[in-house]
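Working notes for the structure below.
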Amino acid sequence: MRADPPSLEQLERELSHLRRKNRRRQRLRRTLGVLTVLMAVLVLLSALVLPVLLVQGESMEPTLRQDEAVICIRGSRYGRGDIVAFSYGSKILIKRIIAGPGDTLDMDEEGNVLLNGTLLSESYVGQKAVGSLSVELPCTVPEGHWFLMGDNRAVSVDSRSSLLGFVSEEQITGRVFFKLWPLRDFEILAKN
């Protein structure tokens with residue numbers, strides 16, 4: 001028994017179906033191509049301009065807490081009070097700039113910071129503490145360097161320790177600009 005050949009109408013329907021299927025495949029390929037390029041641009045942007053970092057540890061509490069995500073901006077200017085990310089060995093650390101090049105810094109036994117002879121007002125510090133002080137104070141910050149401290153002074157290992165000391169401009173990855181995650185805690189951290 002022989003099957004009847006398909007009619008012209010059946011052939012046209014099948015051809016139309018195949019064309020639609022081909023157009024969907026082409027759209028899917030174009031969409032996947034655009035998404036791939038977009039993802040590559042976002043990864044490059046993140047790596048080169050806006051790194052996203054995950055906070056580890058308690059040294060920046062109460063401002064930043066464990067497992068919060070922050071966005072840095074590379075290449076921005078830095079000043080007193082800015083929170084910055086910087087490289088230390090194979091790690092990226094996050095601390096606050098307390099003093100810049102040419103500033104003289106001292107600290108009393110209660111943990112109050114004197115900057116150029118004036119008591120520094122630090123509303124971001126929960127509890128003042130001398131912490132791990134092993135550098136000689138008073139000290140003057142050399143050119144091209146910064147004196148950084150964590151907001152949780154009792155536990156932060158920072159420029160007060162000879163392990164870290166002054167942080168050079170080249171070590172700074174960028175200024176922490178946004179607290180991104182968790183979303184309920186979204187906040188702009190940069191003052192300007």
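Quick notes on this one:
- The conditions of being touching a Lys or Arg at 6+ places or on another chain (Cβ under 6 Å) and in the same structural domain as residue 152 (by TED's automatic domain parsing) are met by residue 97.
Residue-by-condition table, conditions (1) modelled with pLDDT under 85; (2) more than 23 Å from residue 125 (Cβ to Cβ):
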position	(1), (2)
22	no, yes
30	no, yes
40	yes, yes
47	yes, yes
66	no, no
74	yes, yes
77	yes, yes
85	no, no
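- Set 184, 160: member being of a type outside the set (Val, Ile, Thr), over 19 Å from residue 79 (Cα atoms) and out of contact with any Asp or Glu (no Cβ under 9 Å at 6 or more places or on another chain): 184
- Filtered residues of segment 116-138 (kept if modelled with pLDDT of 90 or more and either over 24 Å from residue 168 (Cα atoms) or in a strand (DSSP E or B) (or both)): 118, 119
- Applying the criterion of being assigned to a loop (DSSP other than H, G, I, E, B) and under 11 Å from residue 174 (Cβ atoms) to the residues of segment 78-115, the residue that is nearest to the chain's Cα centre (by Cα) is 82.
- Residue 156 assigned to a loop (DSSP other than H, G, I, E, B), of a type outside the set (D, E, K, R) and exposed (fewer than 14 other Cβ atoms within 10 Å of the Cβ): no
The values are calculated or read from the model by the stated rules, or taken from the named source; none is laboratory data. These numbers come from a predicted model, not from an experiment. Because the Cβ atoms are built from the backbone with ideal geometry, glycine has one as well, and the counts that use them run over all protein chains shown.
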